[in-house]
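Here is the structure we will look at.
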4 protein chains.
Amino acid sequence: MALVLDRAELTEFVEQAFAQVKGDFAIEAMDEELLVLRLKVDERHLRPGGTVSGPNIFALADVGIYFAILARIGRVPLAVTTNASIDFMRKPKSGVDLLAHIRILKLGRVLAVGDALIYSEGDDRPVARASMTYSIPPGATEPQG
Amino acid sequence: MALVLDRAELTEFVEQAFAQVKGDFAIEAMDEELLVLRLKVDERHLRPGGTVSGPNIFALADVGIYFAILARIGRVPLAVTTNASIDFMRKPKSGVDLLAHIRILKLGRVLAVGDALIYSEGDDRPVARASMTYSIPPGATEPQG
Amino acid sequence: MALVLDRAELTEFVEQAFAQVKGDFAIEAMDEELLVLRLKVDERHLRPGGTVSGPNIFALADVGIYFAILARIGRVPLAVTTNASIDFMRKPKSGVDLLAHIRILKLGRVLAVGDALIYSEGDDRPVARASMTYSIPPGATEPQG
Amino acid sequence: MALVLDRAELTEFVEQAFAQVKGDFAIEAMDEELLVLRLKVDERHLRPGGTVSGPNIFALADVGIYFAILARIGRVPLAVTTNASIDFMRKPKSGVDLLAHIRILKLGRVLAVGDALIYSEGDDRPVARASMTYSIPPGATEPQG
């Protein structure tokens, strides 16, 4: 699935559309296979004990998969998450950022499915796994089979 | 499953344990069948367009099911979410709070499962459905079958 | 959501469309709120130990939610399951049928979401909880909001 | 996570424990990273139209992840599936087997999590994605972190 937006275009679009997350996320790498999104962990993302909270891990996967879909279909603000499934497997390490490794598994006419593996930076054991489905407005994309 | 904490005790415990969500949530009702948790919607919970964001809907279900488990097993801070599944079905109404209707489906020795239906106040069509599994520290509870 | 097919019409349609499950399932009750589907447990549904296997519990929820959607949109053979989430909470009782209590949470233009609670007959503690999303062919239904 | 059973030992154990699936599945490949399980598609696995049914895709992922866990913890018949999440993304091709690519994401003291990508043989676009959690009897394994 060819990419139609680059990292700078994606970042600019999402930060305009979602001003609240501005500065929270950074695209570390992006190609047709894999997008790596960094959550710049800040005090406000932490729960007691100093680990990133579940809702912030959810947000990292959600934004990352949204980025990867937009990279393929362009600036479509109306794509919405319809389903999310997450397994929380390990406590995030305190004091380091989280990195989400995102893959798009399906990009159809009305539904797109993406998968995320989330790691504490410097640790190869996943903190969480998430898969999410997005509903895409009619006409925004052609089915990729 | 008898309740061992009342609304005031639960609220106090959770607001001490999770200072960051202090003031976000209020237990509207709680008995052995159903717990109703209110998200007091504030500017910081909203995405562009004025609807509550996915991560905040996730947090409402997560906190609500956690409350309902603690009401049954007491002050156990170490229960952690291990799995979450959410269907986002409708756009939340803008300008109203969200109410999560929580039921506990299983309270076992090591795992508890809860279910949440989330509504915009004043609308009987669910905004979202969530189910979550919590891992309970050994010895914190007796299996309820 | 008004029903457009009755139990006999639904059963006849599904047994023609899915000859393989013919005789496995029976609609116990159906109204606008709730559909109860029985799995007539047979030797072929069991795993060692005499309990119904996971794939058969999956099938009960899947068929039940499909029935409940068809009851509302009519004879649409092309509705397909796009997502399923299941929590297996208790071992089914041996020697009794399983009953799935099905509710439709959303019936939209392109997606429908249903929820199932599955019980061993005569026991009010759920064996499993499932939610499933179906993709509906364009034009098969009008959005119900 | 080192393997303690080889393909022949696993196959023999599972076919003894689950006589009903005997002959349905074959381990194509297995190492510490990846297990590939084949569903030998047969008339009984098909729904009308000649594609493998949802319950059989569920079973392929379930058995494959179970195999991969047993390969690491040995002959533990009591591991049970507690949660499953599946995205059905494409119609399986008719007339070919299905191959599940299984990875173990976590092997803890009480819970193991595995992930499956399912393909029609000869097609690199996934038919389905599944993740499942298993509850492991106490003492059957040491946490792998």
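Coordinate-derived values only; no laboratory data. Computed from a prediction, not measured in an experiment: that's the story for all the values here. Neighbour counts run over all protein chains shown; Cβ positions are idealised from the backbone, glycine included.
Annotation: amide H-H contacts under 5 Å for A:Thr82 (H modelled 1.01 Å from N, sequence separation of 5 or more, or interchain): A:Thr133, A:Tyr134, A:Ser135. Compared with the dominant principal axis of the Cα atoms in chain A, helix A:7-17 is inclined by about 80°.
The mean count of C-beta atoms from other chains within 10 Å of the C-beta of residues in B:98-111, rounded to a whole number, is 3. Using just its DSSP H runs of length 4 or more, each adding -39500 (n - 2.57), chain C gives a mean residue ellipticity at 222 nm of -7000 deg cm²/dmol after division by all residues.
From least to most packed, judged by other beta carbons within 10 angstrom and beginning with the fewest, D:Ile104, C:Ile57 follow the order D:Ile104, C:Ile57. Using the alpha-carbon atoms, what tilt in degrees (0 to 90, nearest 10) does helix C:54-73 show relative to the longest principal axis of chain C? It is inclined by approximately 30 degrees. Peptide A:87-95 shows a mean partner chain C-beta count of 5 within 10 Å per residue C-beta. Shown here are the Rg and Dmax of the Cα trace of the protein assembly as shown, at 22.6, 62 Å. Contact order for chain D, expressed relative to its length and based on alpha carbon pairs under 8 Å spaced 6+ residues apart, stands at 24 percent. If you run the Gaussian network model on chain A, springs between alpha carbon atoms under 10 Å, then out of A:Phe67, A:Phe88, A:Phe18 the most flexible one is A:Phe18. Between amide H atoms placed 1.01 Å from N, distances below 5 Å from A:Met89 occur with A:Ala128, A:Arg129, all of them 5 or more places distant or on a separate chain.
Of A:Gly64, A:Gly49, A:Gly95, the residue with the greatest mean-square motion in the GNM of chain A, using alpha carbon springs below 10 Å, is A:Gly49. For the residues of D:49-55, the average number of beta carbons from a partner chain within 10 Å of their own beta carbon is 4.
Size descriptor for the stretch D:1-132, Kirkwood hydrodynamic radius: 14.8 Å (Cα pairs only, one decimal). Based on the Cβ-Cβ distance of D:Glu121 and B:Asp6, what FRET efficiency does E = 1/(1 + (r/R0)^6) give at R0 = 60 Å, to the nearest 0.05? About 0.55, to the nearest 0.05.
Within the same chain, lysines fewer than 8 places from C:Lys40 are excluded, and of the rest, those with a Cα less than 20 Å from its Cα are C:Lys22, C:Lys91, C:Lys93. Just how far, in whole angstrom, is the stretch C:81-127 from the stretch B:86-134 if you go by their alpha carbon centroids? After rounding, the separation between the Cα centres reads 17 Å.
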